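Asks: Please read through the structure below; I'll follow up with questions.
No value in this document is a laboratory result; all are computed from the given coordinates. Values in this document were obtained by computation on a predicted structure and should not be read as measured data. Note: ideal-geometry Cβ built from the backbone for every residue, glycine included; neighbour counts use all protein chains shown.
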Amino acid sequence: MATAVVTPDPRPALRRNLLPYALVAPGVALIVGVLGFPLAWLVWLSFQHYGLRELIAHQGQWVGFDNYRTILIDPLFHQVIGRTLLFTFACVALTVVISTLIAVLLRKVRRAVRVIVMSALVFVWATPVIVTVDIWQWMFDYEFGIINYLLTRLHAGNFIHHNWFDNPLQGWTVFVVVVVWGAIPFVAITIYAGLLQVPGELLDAAEVDGAGAWQRFRFVTAPILKPIFLIVTCLSTIWDFGVFNQVYVLLNERPSSDYYTIAIYSYRESFGVSQYGLGATIAVLLVIVLVIVTLFYVRETIKVADIT
Amino acid sequence: MIAEGLRVRPSEETRTVNRVRASERVKQLAYDSAGLLVAAVMLFPIYWMIITAFKPGRDILTLTPKWLPAPATLDNFKDAVARPFFLDDVRNSLVIVAVMLALALTTAFLAAVATARFGFKGRTALLVMLIAVQMVPLNSLIIPLYMQLDNIGQVDALPGVIAVYLAAVLPFMIWTLRGFIANIPVELEESAMIDGCTRVGAFFRITFPLVGPGLVATAIFGFIQAWNEYIIAYVLLSSPHNQTLTVWLASFTTNHGPEWGPLMAAATLTGLPVVVFFLLLQRYLVGGLTAGAVKG
């Protein structure tokens, strides 16, 4: 309607058509230049024998699929990839469920309480991961850690001088706690922000029609929140699958192979034993597994984005 | 009888109303307590860090923990700040974040305008690329990034790290800003143009101010990402005077068993700028995130 009234752009059509490309150019150049090239190099490197000698000579040795063969029959790799997937699943599921509960709770509490909870979430969110890792390391300290003291006092068993990292299952539980605790703020606040957009009249209408709290969430709120759930689940999966800092730094940069995630395994192969080719192969496999796992979310997300 | 009924009914009604109110109050109390419990659990680790940082050494290593720092001391902070390279690394972190943010906001904004306001060939491909890039964990690119920067002599130099962070945050920033700009009706700009604004003028007078919250939200995101990043900085920046605060912080742990007091003080200092930045700007954030997320 209004467009018809606007005087036509006097500039030549070609210049107008080039404008969007000019606007996009710097960003695309940066992304492709800084990340695209290394990504291509990573793939190329995964087909090379590339050790310390090759690094100094700047010249690798083409070995075809040898690296992939070595890694794919390596029992440690199978163990690591299974463990990383399980860890990711546990973290993402717990993060999304707990965050949703917190987001719903945030709508129910009185204003003052909401401000307190939001501030707490923001504080945790803003705290650097490395800082939180140091805090948790201190809290789980086997000798003077507050967690052992509290668990013992709460009669959950005798945790005096209990080392959480002797047993990998307990150690991984600690990492799930650390990662989920750190991930909750972003997800909870995002879902809460989404909840605010659910029209109150729709919920009221559903209640009048006899829908219970769960039905209202399932049939009114959840569909409206779908794009937000897609994005937070997808991002959480990507972040948790690539977990490195929490495990690596909490174990004083010397994790045993029981505590390898794919990212740590790749890093150790490259910078620990200078097998850059093998490290690159593991990194490529990491990306491939991640793409397969998140394909569904990405497709849905793009669908949602293209509609608007 | 009628009179009696009239007298009884109101009092019965008030009683029911009171009962409903009471049960609602109990419910509200339950919600509020649950909320406070969530806040307490989330905040406890941070509380414990700050408390530990203010305790003298003999109060830290106790089998029965002290819940408050009495007596409190600043010794741990003095110890942490006096460690080598603290000021260097503070400066490096600030420079990296400031330069990176300025460049990222400008380029992301331009690209976001293009994808939100113009239909052009390759737009969908670009959007798919923006998502695809975010799927590749930065950690997996460390090896080739290191080699690439080594080739152009930018290993152990801040510009290399800035470029990597910049490319890493751009996809998310463009994506989020795009959502903000798409949310602003084009009709607003068009009516400004009817009133005599040029296209550029309309954009800067109408759209730009409305995108403010979006810029703030993405700035916070970029600040946190860059300030908190560890592994890239750890690998790329090898000399201590070139490192960032997170690397400086990690170097505390390995020496000879962690010294919890100074470590917690250092951790408090490292986290402080982000918390301040965040608290200053957070009221823009909630609206910002939804705009970005819902509009894709």
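Asks: Pick out which of A:LEU121, A:LEU195, A:LEU52 has the largest mean-square fluctuation in a Gaussian network model of chain A, springs linking Cα atoms closer than 10 Å.
Replies: A:LEU52
Asks: Distance between Cα centroids, segment B:26-91 to segment A:171-218: provide it in whole Å.
Replies: Taking the Cα centre of segment A:171-218 as reference, the centre of segment B:26-91 is 30 Å away.
Asks: Based on alpha-carbon centroids, what's the gap between segment A:58-76 and segment B:184-224 in Å, whole number please?
Replies: Going from one Cα centre to the other spans 52 Å.
Asks: While we're looking at this one, here's another question. Between A:THR152 and A:ARG53, what FRET efficiency comes out of the Förster formula 1/(1 + (r/R0)^6) with R0 = 60 Å and r the beta carbon distance, rounded to 0.05?
Replies: It comes out at approximately 0.65.
Asks: Check the straight Cα-Cα distances from B:LYS27 and name the lysines below 30 Å, setting aside those fewer than 8 residues away within the same chain.
Replies: Within reach: A:LYS108, A:LYS226.
Asks: Which whole DSSP H helices in chain A pass both tests: a Cα extent of 20 Å or more along the axis and a mean Kyte-Doolittle value no lower than 1.6?
Replies: Those that pass (Cα extent of 20 Å or more, hydropathy at least 1.6) are A:111-126, A:168-195, A:276-307.
Asks: Something else about it: Modelling each spin label as a point 7 Å along the Cα-to-Cβ direction, I'd like the A:GLN79/B:GLN28 distance in nm, to one decimal.
Replies: 5.7 nm
Asks: Something else: Using R₀ = 35 Å, calculate the FRET efficiency as 1/(1 + (r/R₀)^6) where r is the Cβ-Cβ separation of A:GLN170 and B:VAL20; round to 0.05.
Replies: Values: r = 48 Å, r/R0 = 1.37.
So the FRET efficiency works out to roughly 0.15.
Asks: Further, regarding this structure: List the lysines whose alpha-carbon lies under 20 Å from that of B:LYS78, not counting same-chain residues fewer than 8 positions away?
Replies: B:LYS55
Asks: Roughly how many nanometres apart are two label points built 7 Å out from the Cα toward the Cβ at B:ILE194 and A:LYS226?
Replies: 3.6 nm
Asks: Sticking with this structure for a sec: Tell me, B:GLU189, A:GLU253 in order of fewest to most beta-carbon neighbours within 10 Å? Could you put the intermediate results ahead of the total?
Replies: Numbers: B:GLU189 21, A:GLU253 11.
Fewest to most other Cβ atoms nearby, the residues stand as A:GLU253, B:GLU189.
Asks: For chain B, with a Gaussian network of springs between Cα atoms less than 10 Å apart, report the residue from B:ASP89, B:ASP75, B:ASP32 with the top mean-square fluctuation.
Replies: B:ASP32
Asks: Still on this structure, I have one more. Please label the shape of the protein assembly as shown as rounded, prolate or oblate, based on the square roots a ≥ b ≥ c of the eigenvalues of the alpha-carbon gyration tensor (a/c under 1.5 means rounded; beyond that, a/b larger than b/c means prolate, else oblate).
Replies: oblate
Asks: Along Cα→Cβ, 7 Å out, is where each label goes; now give me the distance between the ones at A:ILE288 and A:ALA22 in nm to one decimal.
Replies: It works out to 4.4 nm between the two label points.
Asks: Distance between Cα centroids, segment A:229-263 to segment A:99-163: provide it in whole Å.
Replies: A separation of 19 Å, based on Cα centres.
Asks: Of B:THR246, A:PHE186, A:ALA211, which is farthest along the charge dipole of the protein assembly as shown in the positive direction, counting Lys and Arg as +1 and Asp and Glu as -1 at C-beta?
Replies: A:ALA211
Asks: Now for a different question. Can you give me the long-range amide H partners of A:GLN48? Hydrogens built in the peptide plane at 1.01 Å from N, cutoff under 5 Å, separation of 5 or more residues or another chain.
Replies: The answer is A:VAL63.
Asks: Could you give the length gained by full extension between B:ALA125 and B:ASP150, i.e. 0.36 nm per residue of separation minus their alpha carbon distance, to one decimal place? Present the calculation step by step, with values, prior to reporting the outcome.
Replies: Details: separation 25, 0.36 × 25 = 9.00 nm, distance 3.14 nm.
Separation in residues times 0.36 nm, less the Cα-Cα distance, equals 5.9 nm.
Asks: Here's something else I'd like to know. Using the count of nearby Cβ atoms within 10 Å as a rough guide to exposure, how do A:CYS91, B:CYS197 rank from fewest to most?
Replies: Exposure proxy ranking, most exposed first: B:CYS197, A:CYS91.
Asks: Let me ask something else about it. Could you please report the charge total around A:ARG114, scoring K, R as +1 and D, E as -1 over all other residues with beta-carbon less than 11 angstrom from its beta-carbon?
Replies: Once all neighbours under 11 Å are counted, the net charge is +3.
Asks: Another question, then. For each of A:SER99, B:SER191, A:SER257, count neighbouring Cβ atoms within 10 Å of the residue's Cβ, then give the residues from fewest to most.
Replies: A:SER257, B:SER191, A:SER99
Asks: Please say if chain A is rounded, prolate or oblate, where rounded means a/c under 1.5 for a ≥ b ≥ c the square roots of the C-alpha gyration tensor eigenvalues, and otherwise the choice is prolate for a/b larger than b/c and oblate otherwise?
Replies: oblate
Asks: Show me, for segment A:243-257, the HN-Hα J-couplings you get by feeding each phi into the Karplus relation (A = 6.51, B = -1.76, C = 1.60, θ = phi - 60°), rounded to Hz, glycine and proline as x.
Replies: With the stated coefficients, segment A:243-257 comes to 4, 9, 3, 3, 6, 5, 7, 5, 9, 6, 6, 9, x, 6, 5 Hz.
Asks: Name the residue, out of B:LEU103, B:LEU215, B:LEU126, whose mean-square fluctuation peaks in a Gaussian network model built on chain B with Cα pairs under 10 Å.
Replies: Looking only at B:LEU103, B:LEU215, B:LEU126, the biggest GNM fluctuation is shown by B:LEU126.
Asks: Rounded, prolate or oblate: which fits chain B, taking a ≥ b ≥ c as square roots of the Cα gyration tensor eigenvalues, rounded meaning a/c under 1.5, else prolate when a/b beats b/c? Write out the running numbers ahead of the final one.
Replies: Details: a/c = 2.81, a/b = 1.14, b/c = 2.46.
The shape class here is oblate.
Asks: Right, here's the next one. Starting from the coordinates of the alpha-carbon atoms of segment A:162-263, obtain the Kirkwood hydrodynamic radius over all distinct pairs and give the value in Å to one decimal. Present the calculation step by step, with values, prior to reporting the outcome.
Replies: Working: mean 1/r = 0.0609 Å⁻¹.
Its Kirkwood hydrodynamic radius stands at 16.4 Å.
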